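The values are calculated or read from the model by the stated rules, or taken from the named source; none is laboratory data. Fair warning: this is a prediction, and the values are worked out from it, not measured in the lab. Don't worry about glycine lacking a Cβ; one is built from the backbone with ideal geometry, like all the others, and counts go over all protein chains shown. Calculation scope for accessible area: heavy atoms of the full protein, side chains included, ligands and nucleic acids excluded. Shrake-Rupley method; radii C 1.70, N 1.55, O 1.52, S 1.80 Å.
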Amino acid sequence: MLTSPLSEHPWLRAATLLIAGAMQTLTFSPFNWWWLGPVSVALILLCCLPLAPKKLFRAGWLVGLGLFGTGASWVYVSISEHGNTSIPLAIILTVIFVAGLALVHGLTFWAWGKLAKESPVRRMLLFPAVWILADWIRGWLLTGFPWLYLGTAHVDGPLGGFAPLVGVHGVTFWVTVTGVAVIACWWLARNARYASTSLVAVLALLPWVSGPAVATAQWTTLDEEPTTYASMQGNIPQQIKWDPDFLRDQIVAYLELTEDHWDTDLILWPETAIPIPQDEAGKVIDHIAEELGENSTLITGIPWYGFSDRIEDYTFHNSIMAIGNGDGIYHKQKLVPFGEYVPLQQWLRGLIGFFDLPMSSFSRGPSNQSPLDANGTDIMPFICYEVAYPDFVASNARNAGLLLTISNDGWFGDSIGPLQHLQIARMRALETGRYMLRGTNNGVTAIIDHKGQITETIPQFERGVLTGEVYAAEGNTPYMLSGSWPVLTLAAILIVFVRVRVIPKN
């Protein structure tokens, strides 16, 4: 059995696992130390390879605590500052959230030990497969938390060129393979298997070396004629967002920001920029339509209330609509628990302020919604959290030339959450080979090109207008056609391969 001081001393092991989990947060924005991904995996393996399944559950949970305790603790801001919750209770709710997410890692590591038994070879072979499957499960379980995937960091890393081929899960897979390879080389060298050590090292490094060349491939074709574009960042304080006394002021603020841009081809206002339902906003919508140039389209976030034929009842949606030389309305499908709907609301409503947030009674929009039309260009919108779901975005992007995401990250203040959110949107642009237009209330508002790179941006926490040119795309990347299924299938095959004991025990 492969052992190390990290695996033999419980307190040292626990501290190292927490640090290894926290280290993964440093791979994402605003730190961008993507090279720490394999280092984190290698440290986890040094601690975990000799452990029994029962101890692996605790080990995985500690990794999860380190990752989510540092990488997702920004939920405290929304709970404490905007959820009408006392500081002690906000801390408790944040700890529960982080500890609950960490359970996914705990169960994953326990299953890893059960499947691979005591064989270090089997455990090393199996680790990338179980990690990817755990990421995938976390992306849909209980509506999902598709955040902090290791591959996301490589929108600026050497493996980013593979994103249009295999998606973020495929990139994550190779990050974990590389961490495994580091430990495998150490183990092989200790046993004087130098030829095998060299072979493993070369195979593990090959994608890292070839990634920049792969990144030059063009999977989609951009239009020759650009679309002029303007996005308004209103920087409306979250404390007054739904205050009836300030609703008119918010609309006036966006109208004033748009004053010099009514003839722009495409204009974007962020999530719920019009903070009243569309059935009460007729005069505002008509005024916008009158001001717009003949070939101009304005797309804005707006709550929507009306009768749904699908469920034969009136519903309330977080929506986005096109006005002017365009058409269409989109209702958000991936709702945020407690922020947009309250699970078990018959028991939770009224207990604490956090369970009664404004606008927390939205209904989920139907699947297979059509893109918005803007002067003949199909634009697929994603509202806030939806852009974090890789397969959801890839599937819907097939029918669109441009991608668009609106958000109100004012919920998370001056934390790392909005910067992570921007990085996720960049990965979606890279995976689909399409421009991603990001409009936010208080930042980061940006134009992201088809390679996932930011071409224009304006600072956070300022009122301003971003202008630039964007290009619609035609064609599909391989990832858009296949989704994550090739990577998930490979993970399943590896598990079966190890489970039937084709690989020897030692």
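So here's what we get for this one:
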read-out	value
Under the span-like rule (Cα at least 15 Å along the axis, Kyte-Doolittle mean at least 1.0), DSSP H helices of the chain	36-48, 87-116, 163-190, 194-214, 485-499
Exposure of LEU199 as accessible area (Å², to 10), given a probe of 1.4 Å and all protein chains	100 Å²
Residue-averaged 222 nm ellipticity for the chain, from DSSP H runs of 4+ at -39500 (n - 2.57), nearest 500	-14500 deg cm²/dmol
Average projected area [Cα convex hull, the chain], square nanometres	24.1 nm²
Inter-probe distance in nm under a simple model that places probes 7 Å from Cα toward Cβ, at ASP414 and THR489	5.0 nm
Under 15 Å, Cα to Cα: Lys pairs in the chain, sequence gap 8 or more or different chains	6
Accessible surface of LYS451 - all protein chains present, 1.4 Å probe, nearest 10 Å²	50 Å²
Gained length - GLU469 relative to ASP373, 0.36 nm times residue gap less alpha-carbon distance	32.8 nm
Under 10 Å, Cβ to Cβ, from GLY401 - net charge with Lys/Arg +1 and Asp/Glu -1	-2
Apportionment of accessible area to carbon and sulfur, region 1-78, percent (1.4 Å)	74 percent
Simple label model, 7 Å out from Cα along Cβ direction - THR455 to ASP156, nm	2.0 nm
Per-peptide average of other Cβ atoms within 10 Å, ordering 213-222, 410-419 highest first	410-419, 213-222
Exposure rank, largest accessible area first [ASP260, ASP279; 1.4 Å]	ASP260, ASP279
Accessible area, probe 1.4 Å, largest first, for residues GLU462, GLU340	GLU462, GLU340
Ranking by accessible area, most exposed first, for MET321, MET427 with a 1.4 Å probe	MET321, MET427
Once the Cα gyration tensor of region 1-145 is diagonalised, semi-axes √(5λ) in Å	28, 16, 15
Accessible area in square angstrom per residue, the chain, 1.4 angstrom probe	41 Å²
Order by protection proxy (mean Cβ within 10 Å, highest first), peptides 327-336, 477-486	327-336, 477-486
For region 388-432 versus region 32-52, the gap between their alpha-carbon centres in whole angstrom	28 Å
Rg to Rh, two decimals, where region 170-245 supplies the alpha carbon set and Rh follows Kirkwood	1.39
Heavy-atom accessible surface of region 168-308: percent carbon and sulfur, 1.4 Å	56 percent
Gained length - ARG364 relative to GLU8, 0.36 nm times residue gap less alpha-carbon distance	123.2 nm
DSSP beta bridges in the chain [antiparallel fraction, %, rounded to 5]	65 percent
Estimated FRET transfer efficiency (GLU280, THR228; beta-carbon r; R0 30 Å; 0.05)	0.45
Ranked packing of 244-252, 176-184, most packed first, by mean Cβ within 10 Å	176-184, 244-252
Two-decimal Rg to Rh for region 429-473 - Kirkwood Rh, Cα set	0.99
In nm, spacing of pseudo-spin labels at LEU203 and ASP260 (7 Å Cα→C-beta vector)	6.0 nm
Potential lengthening between ALA15 and ALA213 on full extension [0.36 nm per residue; Cα-Cα distance subtracted]	67.4 nm
Rounded to the nearest 10 Å², the accessible area of TRP242 at probe 1.4 Å	60 Å²
